[in-house]
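K.L.:
The structure under discussion is supplied below as structure tokens; questions concerning it will follow.
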Amino acid sequence: MPQPAGPYEGNDVDDLPPPQPVHYAEQALLGALLLEPHRLKTISLLEPHHFGNHTHGVLFTAMRTVPVPAPKDHAKGTTWLDAVLSTARREAPGLTASYLHTLIQSCPRPQHATAYAGMVRADHARRTLREHADRLCQSATDTALPSPAVTVLAQTDALSRYLDELATHYAAHPGSLPRTPAAPPPPPRGTGEEALDEERLLLATATAHPDGLHLMRWLQPEDFALPLHGQLYRCLTALARRGAAVDPVTVLWEAQHQQLLTAEFAPADLMALVSDPVGSPDYWGERILRRALLGQAHAVGRRLGVLTNDQANTVHQLITGSRRALAGLSAIRVRWQHATSPAPQSRPPRTESTAAPRAGPPRTTAPPPPTARLTR
């Protein structure tokens, strides 16, 4: 088989990355169509933008634009080839007749054109899924977005729609599970001082105002960036669920039973942590849940990146693996929507506050709550 050649003459091939398998599939498909143009009628669902090589897509467009000759007429001369080349050069001026001959020589069997087209479509699906994964990761970490949760969920919807579209053309079958081993554990969610301070304030305000905890079932211990904070929140909800008294001392007693007290986290530390309320619990809870939502979205994007980077995975496996990765994000999304839905009349009005440093002795009185609410 001839060495792969680019569509332009004079390229420095030493500067080009080695061709991937889809490059040969694209060449074989175009070569088959140049040899037997009537096979264009058998190529369904393939579009020019499915080609990874832009010039290949331009050439495919030209083939569909120029009227297809009868097989006997095509065998007598190069009229159709010349017309296709002339049409394609409008968008790809560097395309040469010699490259068309390279494409023809690169086709093992023209009758396999449909199979080659399927390979091109499959690689396009892989690239598109990778683009979705990249956008999901980017939107989950872009601090400049005015409403990052809204953007992330919109990107998730776009990904889900594309998976549904793929599923209509690639039916599931036995062996659809991706072969890629589980991705390495995602890096710990951001544990910057702002995130930790919000969690501390949630614990303190929930201790001071436990009556609303039964309305905050949308917040789970695993949403907290610091596991200890999540475990303390579990202590609070356990007390509230039992109808027990809730205050710093009862929380301390419950934490002792849950073996949360250590040399590094002494009783005095816990008492200080839950004795300084500011604002309302549901406000801080929403901020914690939003961070968890963005962190989960980023983890899903990374997982999809691992799946699509593994060329051994088929489209069927990519669909199945992507949907499984989205399942965890869907669960936290339901909780987020419940948290941000219009509050029932029984919910006390929220107050907004700015996270304050936790150093120093606990305040004996909470500052007056500000009246303006921060934008989510």
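The values are calculated or read from the model by the stated rules, or taken from the named source; none is laboratory data. What you are looking at is a predicted structure, and each value in this text was computed from that prediction instead of being measured. Virtual Cβ from ideal backbone geometry, glycine too; neighbours counted across all protein chains shown. Protein only, heavy atoms only, side chains kept; ligands, DNA and RNA dropped before computing areas. Shrake-Rupley method; radii C 1.70, N 1.55, O 1.52, S 1.80 Å.
K.L.:
Which of the residues belonging to segment 65-74 are exposed (fewer than 10 other Cβ atoms within 10 Å of the Cβ) and either touching an Asp or Glu at 6+ places or on another chain (Cβ under 7 Å) or not in a loop (DSSP other than H, G, I, E, B) (or both)?
P.N.:
72
K.L.:
If residue 54 meets every condition in (1) surrounded by fewer than 16 Cβ atoms within 10 Å (Cβ to Cβ); (2) over 37 Å from the mean Cα position of the chain (by Cα); (3) not small (Gly, Ala, Ser) apart from one, which number is that one?
P.N.:
(2)
K.L.:
Just to be sure I understand, how many residues within segment 13-41 are more than 25 Å from residue 312 (Cα to Cα), in a helix (DSSP H, G or I) and open to solvent by 40 Å² or more (accessible area, probe 1.4 Å)?
P.N.:
Within segment 13-41, residues that are more than 25 Å from residue 312 (Cα to Cα), in a helix (DSSP H, G or I) and open to solvent by 40 Å² or more (accessible area, probe 1.4 Å) number 7.
K.L.:
Within segment 248-272, count every residue that is at pLDDT below 95 and acidic (Asp, Glu).
P.N.:
The number of residues fulfilling the criteria is 1.
K.L.:
Tell me which residues, restricted to segment 327-343, are modelled with pLDDT under 90 and open to solvent by 60 Å² or more (accessible area, probe 1.4 Å).
P.N.:
342
K.L.:
Continuing with this model, one more query. For a quick check of your reading of the model, give me the residue pairs whose first member lies in segment 156-170 and is closer than 20 Å to residue 333 by Cβ, whose second is of a type in the set (Ser, Thr, Tyr) and open to solvent by less than 30 Å² (accessible area, probe 1.4 Å), with beta-carbon atoms closer than 8 Å and at least 6 apart or on different chains.
P.N.:
What qualifies is 159/322; 162/128; 163/322.
K.L.:
Just to check your reading of the model, which residue among 44, 86 is part of a helix (DSSP H, G or I), open to solvent by 30 Å² or more (accessible area, probe 1.4 Å) and of a type in the set (Gly, Ala, Ser)?
P.N.:
After applying the criteria, what remains is 86.
K.L.:
Now, a different point. Of the residues 113, 62, 5, which single one is under 37 Å from the mean Cα position of the chain (by Cα), crowded, with 18+ Cβ neighbours inside 10 Å and modelled with pLDDT under 95?
P.N.:
Result: 5 is the single residue among 113, 62, 5 that is under 37 Å from the mean Cα position of the chain (by Cα), crowded, with 18+ Cβ neighbours inside 10 Å and modelled with pLDDT under 95.
K.L.:
Here's another thing I want to ask about it. Tell me the residue from 129, 145 that is touching a Ser or Thr at 6+ places or on another chain (Cβ under 6 Å), assigned to a helix (DSSP H, G or I) and over 25 Å from residue 81 (Cβ atoms), please.
P.N.:
It is 129.
K.L.:
What residue, among those in segment 242-262 that are more than 14 Å from residue 273 (Cβ to Cβ) and touching a residue at least 24 places away in the same chain (Cβ under 8 Å), is surrounded by the most Cβ atoms within 10 Å (Cβ to Cβ)?
P.N.:
Here the answer is 246.
K.L.:
Right, another one. Which residue is most open to solvent (accessible area, probe 1.4 Å), if the candidates are limited to segment 205-223 and must be out of contact with any Lys or Arg (no Cβ under 9 Å at 6 or more places or on another chain) and of a type outside the set (Asp, Glu)?
P.N.:
209
K.L.:
Considering only segment 294-310, I want to know if a residue exists there that is more than 29 Å from residue 168 (Cα to Cα), of a type in the set (A, V, I, L, M) and in contact (Cβ under 8 Å) with a residue 12 or more places away in the chain.
P.N.:
Scanning segment 294-310, I find at least one residue that is more than 29 Å from residue 168 (Cα to Cα), of a type in the set (A, V, I, L, M) and in contact (Cβ under 8 Å) with a residue 12 or more places away in the chain, so the answer is yes.
K.L.:
Given 130, 126, 64, which one is in contact with a Gly (Cβ under 7 Å, 6 or more places away or on another chain) and touching a residue at least 12 places away in the same chain (Cβ under 8 Å)?
P.N.:
On inspection, the qualifying residue turns out to be 130.
K.L.:
Another question about this same structure. Can you tell which of 100, 136, 145 is over 27 Å from the mean Cα position of the chain (by Cα) and open to solvent by less than 70 Å² (accessible area, probe 1.4 Å)?
P.N.:
100
K.L.:
Can you tell me which residue is nearest to the chain's Cα centre (by Cα) among those in segment 300-323 that are open to solvent by less than 20 Å² (accessible area, probe 1.4 Å) and not aliphatic (A, V, I, L, M)?
P.N.:
301
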